[in-house]
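Since the structure comes first, as structure tokens, the remarks are kept for the end.
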Amino acid sequence: MSKRPVVIYGASGFSGRLVAEFLREYHLPFVAAGRSKTKIEDVMAHVPGIEAADYEVAETSSSVEDLVKLFAGAKVVCNTVGPFIYNGPAVIEAALQAGCHYVDIGGEQAWSREVAEKWSCRFAERGLLAAPGTAFMSAMSDAAARLCLESSAIDTLETVTMFKGNPTFGSTQTIFAVIQTDAHYLEQNQLKPWPRATRYDVAVPGYLPTQLALAWGGFPQPLWFKNHPQVANVRSMGGLLDRQIMENVAATEKLFEEQIRPLPKVEREKKLSEMANAVQGAMPPRENVHDHRTIDVVVGRGTTDFVQCVIFGTCCYRQTGLIQAFAAHNLVHASQRKVGFASAAEAFGHRELLRAVESHGLAKVRLTS
Ligand SMILES: NC(=O)c1ccc[n+]([C@@H]2O[C@H](COP(=O)([O-])OP(=O)(O)OC[C@H]3O[C@@H](n4cnc5c(N)ncnc54)[C@H](OP(=O)(O)O)[C@@H]3O)[C@@H](O)[C@H]2O)c1
């Protein structure tokens, strides 16, 4: 049973170690957990400032039973083990059984849909939060959208989230895994399927050439706004600020539809994983603020009103580590505003979330109407 309030599951990963780094900044004691004790110990030893953190390392299998034992006594589970459509169910089920709030960094719409359908009510009954997508992609644009809604008569949101950086092994696996899922946008509060394997050229402030964005599984925003009293329409897109990489992803989506979708599930997943392995099989270096960039663009339209919020930022993985630690800090020290399935901005406040990321110098918000 844990005597520490936060468990990072997946602590040996690129994102898990950043969650640890920011939990230390928030002075939150944590358990760094995962499938290999030796690997986690090695990774933790290299986390900047770790000597001042209160933490322990725990090895576990990924069975629900063992995860419940690990999580029992903690207050919050921070899950960084993706792709979440494959690995999420056991972890969220164990968090619920152990009586913990659950936050993860999965941006997969299909995973958010599963959480909303299968776990939201059960978490709500116990006064617990289930918040997938508590990460750069898509918590920042969700918070920006809610900022737009404060002052404008808008009912339609379009969001684009892009970054320049090196996708990690786990991210690359996830980019390929979501190709097989159904992506939806929101139209008059109904989820509608995006056309498959379709490319969108988007104008992004700060860049003269247009960028190539994809529906990329759909993003969680259409689900977060599905029952919103003001918003009826949401389309979310995203990608990397690198046209060549996005051309390759778009070509893979097309190839998938033609050759891989007809395969049985197990073979399909294996094929997608092998393709991802060929793109990124190793751990990229730590992010660099001078090299890496993020941008969120949210455009809101009403019958007679318009508003735009742009967030210029850096280091999407560090933003993710910070957002997780910010969420854990709130869940340990304060009452969240929502129970069951909700976005980080709904649970902790959109202004509060944006302020946390801005005050660490990782992003800057610009609102124009
Ligand atoms: N929404 C966002 O903005 C955002 C940002 C960052 C990451 N993500 C998502 O978060 C996920 C992780 O990304 P990452 O960058 O941290 O990847 P990563 O560096 O590859 O780390 C993955 C972690 O998951 C663990 N893991 C993988 N498969 C496992 C399994 N079957 N059982 C137990 N543990 C397993 C790994 O353990 P080992 O070390 O033992 O292999 C490692 O700790 C991806 O799905 C990615 O798309 C989303």
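The values are calculated or read from the model by the stated rules, or taken from the named source; none is laboratory data. No experiment lies behind these values; they were computed from the predicted model shown. Cβ sites come from the backbone with ideal geometry, for glycine too, and all protein chains shown count toward neighbours.
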Margin query: Step by step: first the residues of the range 172-192, then only those that are touching a Phe, Trp or Tyr at 6+ places or on another chain (Cβ under 8 Å) and not in a helix (DSSP H, G or I), then the one that is farthest from HIS228 (Cα to Cα). Which residue is that?
Written below: ALA183
Next item on the list: Consider only pairs whose beta carbons are under 6 Å apart and that are at least six residues apart or on different chains; among these, list those whose first residue lies in the range 247-273 and is under 14 Å from PHE176 (Cβ atoms) and whose second residue is crowded, with 17+ Cβ neighbours inside 10 Å and of a type in the set (Phe, Trp, Tyr).
Entry: LEU272/PHE176
Check: If only one of GLU247, GLU267, GLU253 is charged (D, E, K, R) and out of contact with any helix residue (DSSP H, G or I) (no Cβ under 9 Å at 6 or more places or on another chain), which one is it?
Finding: GLU247
Checklist line | Conditions (1) in contact with a Phe, Trp or Tyr (Cβ under 7 Å, 6 or more places away or on another chain); (2) among the small types (Gly, Ala, Ser); (3) near the ligand (Cβ under 8 Å from one of its atoms); number of the one not met by GLY16 | finding: (1)
Next item on the list: Return the residue satisfying two criteria in turn: it lies in the range 200-222 and is more than 16 Å from the ligand (Cβ to nearest atom) and among the hydrophobic types (A, V, I, L, M, F, W, C), and of such residues it is farthest from GLU158 (Cα to Cα).
Entry: LEU208
Item checked: Selection from the range 28-48 of residues that are more than 13 Å from the ligand (Cβ to nearest atom) and in contact (Cβ under 8 Å) with a residue 12 or more places away in the chain -> LEU28, PRO29, PHE30, VAL31, HIS46, VAL47, PRO48
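Residue-by-condition table, conditions (1) surrounded by 24 or more Cβ atoms within 10 Å (Cβ to Cβ); (2) closer than 25 Å to ARG17 by Cβ; (3) touching a residue at least 60 places away in the same chain (Cβ under 8 Å):
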site: VAL307; (1), (2), (3): no, no, yes
site: LEU331; (1), (2), (3): yes, yes, yes
site: ARG351; (1), (2), (3): no, no, yes
site: GLU358; (1), (2), (3): no, yes, no
Margin query: Every residue in the range 93-121 that is without any contact (Cβ under 8 Å) to a residue 40 or more places away in the chain and either out of contact with any His (no Cβ under 9 Å at 6 or more places or on another chain) or under 18 Å from ALA345 (Cβ atoms) (or both), please.
Written below: GLU93, ALA94, LEU96, GLN97, ALA98, GLY99, TYR102, ASP104, TRP111, GLU114, GLU117, LYS118
Note to self: Suppose the filter is at pLDDT 95 or above, within 25 Å of VAL365 (Cβ to Cβ) and over 24 Å from the mean Cα position of the chain (by Cα); does ARG293 pass it?
What the structure shows: no
Check: Of the numbered conditions (1) part of a loop (DSSP other than H, G, I, E, B); (2) within 12 Å of the ligand (Cβ to nearest atom); (3) of a type in the set (A, V, I, L, M, F, W, C), ALA197 satisfies every one except a single condition; which is it?
Finding: (2)
Check: Does PHE136 qualify as being more than 21 Å from GLU346 (Cβ to Cβ), touching a Cys at 6+ places or on another chain (Cβ under 7 Å) and within 13 Å of the ligand (Cβ to nearest atom)?
Finding: no
Note to self: I need the helices (runs of 4 or more DSSP H) fully contained in the range 1-78, keeping only those with at least 2 residues that are under 21 Å from the mean Cα position of the chain (by Cα) and in the same structural domain as ALA95 (by TED's automatic domain parsing).
What the structure shows: 14-25
